[in-house]
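Structure, as structure tokens:
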Amino acid sequence: MLADSKAYSGFAVDDAAKAKEFYGKTLGLNVSDISEEHGLLSLHLAGDRDVLIYSKPDHAPASYTILNFPVDDIDRAVDELAQRGVRFERYDGFDQDEKGIARGEGPQIAWFKDPAGNILAVLQEP
């Protein structure tokens, strides 16, 4: 029954207007209003994948990475995002360089947060 369903994911924010500004202007992604009145946004990602962003008054930030953005050049991506005001997070247990990029085993990855405190990441596969 669900095998042919075009499932999509979603996440909460505390302020839809701030989220629209951040995802649209700071990150340069395509964001559209579904319902301004109800704080519903659609984040349009590559591959025809949409993500629902919804305003939730008692929002608590996710304690895990909600979105990963694969990039071809993580250094360039981190530099460009930093120029746009994005601040990269540091986490215990990860050997991160001065830019905040973890370059250990697995993908090179750098984490940052949206205005609601949700965790996002850019990563480059080995």
Quiz item: Does ALA12 fit the bill of being assigned to a helix (DSSP H, G or I) and either modelled with pLDDT of 95 or more or among the β-branched types (Val, Ile, Thr) (or both)?
Solution: no
Quiz prompt | Flag for PHE69 being more than 22 Å from VAL13 (Cα to Cα), in contact with a strand residue (DSSP E or B) (Cβ under 7 Å, 6 or more places away or on another chain) and of a type in the set (Phe, Trp, Tyr) | solution = no
Quiz item: Yes or no: ASN118 open to solvent by less than 70 Å² (accessible area, probe 1.4 Å), among the polar types (S, T, N, Q) and under 15 Å from LEU27 (Cβ atoms)?
Solution: yes
Quiz item: Where in region 15-115 are the strands (runs of 3 or more DSSP E), entirely inside, with at least 1 residues that are more than 17 Å from PRO126 (Cα to Cα), open to solvent by 40 Å² or more (accessible area, probe 1.4 Å) and among the polar types (S, T, N, Q)?
Solution: 30-35, 49-55, 65-70
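The values are calculated or read from the model by the stated rules, or taken from the named source; none is laboratory data. Note that the coordinates shown come from a computational prediction; the quantities given were computed from them, not determined experimentally. A quick note on method: Cβ atoms are made from the backbone with ideal geometry, for glycine too, and the neighbour counts reach across all protein chains shown. We work out accessible area using only protein heavy atoms, side chains counted, and drop any ligands, DNA or RNA first. Shrake-Rupley method; radii C 1.70, N 1.55, O 1.52, S 1.80 Å.
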